[in-house]
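Okay, so here's the structure we're looking at.
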Amino acid sequence: MQTIFSLWIRGLKAFGRNKISLIFSLIFPFFFVYVFGAIFRNDAIENPIAYMLSGVIITTVFESSLNLASSTVDDMVSGFMKEVLVSPARRITVAIGQILSAATVATLQGIMILVLGTFIGIRFTKWTTPLLILLSMVCVGLVFSGVGLYMATIVRSGQTFQIVKTAVTMPLTFISGAYIPLSLLPDSLRVISYFNPMTYATAFFRMVVLEKTHLLPEELVREGLAVKINGFIITPFLSFVIICLIGMIFLTLATRSFVKTDFSKLNRSANDASALWG
Amino acid sequence: MLPIIEVSHFTKSYGNFTAVNDISFSVEEGSIFAFLGPNGAGKSTTINTLCTIFEKTSGSLKIAGYDVSEQKSEVRSSIGVVFQDTTLDTKMTIEENLKMHCVFYHVPKNEVEERIHFVLGLVDLLGERKKLVGALSGGMKRRVEIARGLIHYPKVLFLDEPTTGLDPHTRAHIWEYIVKLQKERNITIFLTTHYMEEAEICDQIAIIDGGKIVAHDTPYALKKKYTKDRAYITTKNSEELEQLLISYQLNYEKKEGYYRVEAEDITHLLQVLSLHKDAITDIEIRKGTFNDVFLEITGRKIREEE
């Protein structure tokens, strides 16, 4: 328990101390809101700012939690992971601590954007909305921290790692409907987007932020808040279940892989991640 | 005294390459034990296996009675490790690093503050405890690591090349701390080094080369066994000195302006030379060094490859 808590605090401290990345993590989302909001202004979307913001917030949570992969690789290179692994601390508690701290940081970033967002166009009419928002952010944060940790443990070469990471995050965010409405995508990309967990996370989150929970499935589809595949509608509830399922799978994979990874092959004398594993 | 580290027939191989080949040794509690050898001799492999990071290929390794392969958790609690490269969390302060370590090693909460104070005092870093580790110099980082390796009061402290890459002044300080520690807390210290001169402080030395222990004894005994003392003599009367050395069957070499004489027993040599003392204008005596020991045992210098 102590180990989990300490690693959790450590993650938060590191986040708070890195002022530059903190500022940029706030600037970028609003930049995206500005650019994409302007592009889709004339579309059928009734509140483009809130529509864009919801997408941007959930992508920020997604990217921030996935960053656990990079920070874990950093910990391997800096040697801190070795200190952890020769200690009597149980590896599973280390994995849990890392995932919790990354998920918390991701949620915090989401909250900050949301708070700023209330000044430029997000309005809540129900008191349950913020709670639901928080819950969804925590879930998405946990799921993709798990994915991130899993990536860190299976990575064998740091150079390819950065490329793989970008190659995974970019398409996942761009064909999730977060920035570009799925209805505007060509058919081929739309089919791919059905296999993207972020599609469901975005749809669910957007529905919560825009307070459309009372709408019928058909109406949600029309507003772009639910996905219809071959006439079958993935309801928000089902989306949520899908996300949780993916989360379970990756959290299990990540902790198992982390506990079992043979860190003896770790090449500590490597200056960068490129020669991390011998 | 009881052996706290017991290694018997330990072998570690990677594929076809055997890094450590059937070595056996034991270390007594409360002593300083050094593993001496060139890079790639198997020093770090042995340390890493003792620290439960690597898996052995065969043999038996025990620390404080616990088997390093079977009772990892108990072994990890009994040891402190300072690795060759730093393993500090550079984004955190010294204090935070130490506190984190205390959590990992289950140090009772009410003792943490007192122990931080104690170990930082030991390495003269009390004033820096709020500093970020990333901003410290190499020597300071090493001191933080030594402090951290001790804070959970381990029975054995492993130091893998504790002074490599540090300037002579810092190196001397690190050694002061090491000796102080061993005296004050009766901790067993197991270290590796390729600085020969550092080995003299240790109680026992094992010289490892090519994955084998080629010699294991006290520094004094090793020197006595493998080195000769030398005298460099300048004389006004070469003929007389030469005759004298020949009559006592002492090997000498005539160099430009001086004689180089080797002797197993330096007092005997001095007695002989006292017969010639009026003619001697200068004399210098050099004791054998660990470099000589290493050269004698392995046929090459320890840092040849560097």
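The values are calculated or read from the model by the stated rules, or taken from the named source; none is laboratory data. As the structure is a computational prediction, the values presented were derived from the model and not from experiment. Ideal geometry is used to build each Cβ from the backbone, glycine not excepted, and the neighbour counts take in all protein chains shown. These accessible areas exclude ligands, DNA and RNA; they are computed on the full protein's heavy atoms, side chains included. Shrake-Rupley method; radii C 1.70, N 1.55, O 1.52, S 1.80 Å.
Which of the following residues is at pLDDT below 80 and under 28 Å from A:Ile96 (Cβ atoms): A:Ala254, A:Ala270?
Among A:Ala254, A:Ala270, only A:Ala270 is at pLDDT below 80 and under 28 Å from A:Ile96 (Cβ atoms).
Kindly list the number of the only condition in (1) within 26 Å of B:Ile5 (Cα to Cα); (2) within 25 Å of the chain's Cα centre (by Cα) that fails for B:Gly121.
Among (1) within 26 Å of B:Ile5 (Cα to Cα); (2) within 25 Å of the chain's Cα centre (by Cα), B:Gly121 violates only (1).
From the list B:Ser73, B:Ser137, pick out the single residue that is within 14 Å of chain A (Cβ to nearest Cβ), open to solvent by 10 Å² or more (accessible area, probe 1.4 Å) and modelled with pLDDT under 90.
So the residue among B:Ser73, B:Ser137 that is within 14 Å of chain A (Cβ to nearest Cβ), open to solvent by 10 Å² or more (accessible area, probe 1.4 Å) and modelled with pLDDT under 90 is B:Ser73.
Which residue, of B:Ile297, B:Ile302, B:Ile285, is open to solvent by less than 80 Å² (accessible area, probe 1.4 Å), within 30 Å of B:Gly165 (Cα to Cα) and modelled with pLDDT of 80 or more?
When all the criteria are applied, what remains is B:Ile297.
Take the residues in region A:177-221 that are among the charged types (D, E, K, R) and without any contact (Cβ under 8 Å) to a residue 24 or more places away in the chain, then tell me which one is farthest from A:Tyr34 (Cα to Cα).
Restricting to residues being among the charged types (D, E, K, R) and without any contact (Cβ under 8 Å) to a residue 24 or more places away in the chain, the top hit is A:Glu218.
Going through region B:251-289 one residue at a time, which ones are touching a helix residue (DSSP H, G or I) at 6+ places or on another chain (Cβ under 7 Å) and within 19 Å of B:Lys224 (Cα to Cα)?
Those that are touching a helix residue (DSSP H, G or I) at 6+ places or on another chain (Cβ under 7 Å) and within 19 Å of B:Lys224 (Cα to Cα): B:Val261, B:Ala263, B:Ile285, B:Gly288, B:Thr289.
Has region A:147-157 got any residue that is open to solvent by 30 Å² or more (accessible area, probe 1.4 Å) and free of Cβ contacts under 8 Å to residues at least 60 places away in the same chain?
no
Name the residues in region B:107-129 that are within 14 Å of chain A (Cβ to nearest Cβ) and in contact with a helix residue (DSSP H, G or I) (Cβ under 6 Å, 6 or more places away or on another chain), would you?
B:Val112
Going by what's in this entry, would B:Phe104 be described as open to solvent by less than 10 Å² (accessible area, probe 1.4 Å), at the interface with chain A (Cβ under 9 Å from one of its Cβ atoms) and closer than 20 Å to A:Lys13 by Cα?
In short, yes.
Name the pairs: first residue in region A:222-244 and of a type in the set (Gly, Ala, Ser), second residue open to solvent by 20 Å² or more (accessible area, probe 1.4 Å) and outside any helix (DSSP H, G or I), Cβ to Cβ under 6 Å, at least 6 apart or on different chains?
A:Ala226/A:Ile233
Can you name the residue in region A:68-88 that is under 30 Å from A:Phe204 (Cα atoms) and within 14 Å of chain B (Cβ to nearest Cβ) and, of all such residues, is least open to solvent (accessible area, probe 1.4 Å)?
Only one residue fits best here, namely A:Thr72.
Taking B:Gly15, is it out of contact with any His (no Cβ under 6 Å at 6 or more places or on another chain), without any contact (Cβ under 8 Å) to a residue 24 or more places away in the chain and on the phi > 0 side of the Ramachandran plot?
Answer is yes for this residue.
Residue-wise test of (1) away from chain A (no Cβ under 14 Å); (2) surrounded by fewer than 23 Cβ atoms within 10 Å (Cβ to Cβ).
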| position | (1), (2) |
| --- | --- |
| B:Ser8 | yes, yes |
| B:Tyr14 | no, yes |
| B:Glu29 | yes, yes |
| B:Gly42 | yes, no |
| B:Ser78 | no, yes |
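Might you let me know whether region B:55-67 holds any residue that is open to solvent by 20 Å² or more (accessible area, probe 1.4 Å), touching a Lys or Arg at 6+ places or on another chain (Cβ under 9 Å) and facing another protein chain (nearest Cβ under 8 Å)?
Yes: one or more hits.
So if I check each of B:Glu200, B:Glu176, which one is surrounded by fewer than 21 Cβ atoms within 10 Å (Cβ to Cβ) and touching a residue at least 40 places away in the same chain (Cβ under 8 Å)?
B:Glu200
Tell me, which helices (runs of 4 or more DSSP H) lie completely within region A:157-252 with 2 or more residues that are farther than 27 Å from A:Pro130 by Cα and in contact with a Leu (Cβ under 7 Å, 6 or more places away or on another chain)?
Helices (runs of 4 or more DSSP H) meeting the threshold: A:187-193.
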